[in-house]
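There's a structure below that I have some questions on.
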Amino acid sequence: MFDQLAPGWRLRRVPDYLAAFETALDELPRSPTRVLDIGSGTGEPTVALARRWPSAEVIGVDLSPGMVEEARRRLPADLFGRVRYEVADASALPFPDGLFDLVTLVNMIPFFDELARAVAGGGYLLVLATQGARTPIHVPPQRLRAELGRRGFEEFAEFAAGAGTSLLSRKSGRT
């Protein structure tokens, strides 16, 4: 289904759909060097991350080959070599443990064990629901806090901006 929706996917977005995402990113105490955007769709959040941190390596992954193809097609030329998109399953990511300083999910099912595996100690996880509780894939913040807390995440902060909500959390460990 998502492969067929990919060409027009970005047209389904409201103008401020990343507002709560950007608000949470403003709170990061340092710039990440490696960023993973899970469920990147046609790539808008991935591009926003790359623009925010020009020295970071940014990877967007999506299960839909059509979404990844569209994201690659739309990638601005100035981001070639620093941003890449891959087809990947969020429940079994093809990356080494603790590789990422920041992992983001936009309207995605959180596979908690896999998130904990991918985020480096001292790194951050950002979960965005672009329509808040009305988002089709919405996990209440209480559940996010409980599940992530059991997996070594701490320092939770919640944000609301535009129609969306986000939760930012730091994984315990090195800083």
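If GLN142 meets every condition in (1) polar (S, T, N, Q); (2) modelled with pLDDT of 95 or more; (3) closer than 22 Å to SER31 by Cα apart from one, which number is that one?
(3)
Take the residues in the range 95-134 that are under 29 Å from GLY162 (Cα atoms) and among the aromatic types (Phe, Trp, Tyr); name whichever of them is surrounded by the most Cβ atoms within 10 Å (Cβ to Cβ).
So the residue we want is PHE100.
Then there's this: Kindly provide the set of residues from the range 23-44 that are among the acidic types (Asp, Glu) and at pLDDT below 95, ordered by number.
GLU44
Name the single residue that is farthest from VAL139 (Cα to Cα) among those in the range 149-163 being in a strand (DSSP E or B) and of a type in the set (Gly, Ala, Ser).
ALA161
Give the residues of the range 16-44 that are assigned to a strand (DSSP E or B) and over 14 Å from MET108 (Cα atoms), sorted by residue number.
Scanning the range 16-44 gives ARG34, VAL35.
In the range 78-94, is there at least one residue being touching a helix residue (DSSP H, G or I) at 6+ places or on another chain (Cβ under 6 Å), of a type outside the set (A, V, I, L, M, F, W, C), surrounded by 19 or more Cβ atoms within 10 Å (Cβ to Cβ) and touching a residue at least 40 places away in the same chain (Cβ under 8 Å)?
yes
Quick check on my filter: what residues within the range 63-72 are touching a strand residue (DSSP E or B) at 6+ places or on another chain (Cβ under 7 Å) and surrounded by 17 or more Cβ atoms within 10 Å (Cβ to Cβ)?
Listed by number, the residues that qualify are VAL68, ALA71.
Residue by residue through the range 26-48, note down the ones that are buried (at least 24 other Cβ atoms within 10 Å of the Cβ) and not acidic (Asp, Glu).
Answer for the range 26-48, where residues must be buried (at least 24 other Cβ atoms within 10 Å of the Cβ) and not acidic (Asp, Glu): VAL35, LEU36, ILE38, SER40, GLY41, THR42, GLY43, PRO45, THR46.
The values are calculated or read from the model by the stated rules, or taken from the named source; none is laboratory data. These figures come from a predicted structure and were not determined experimentally. Methodologically, a virtual Cβ is constructed for each residue, glycine included, from the backbone with ideal geometry; neighbour enumeration extends over all protein chains shown.
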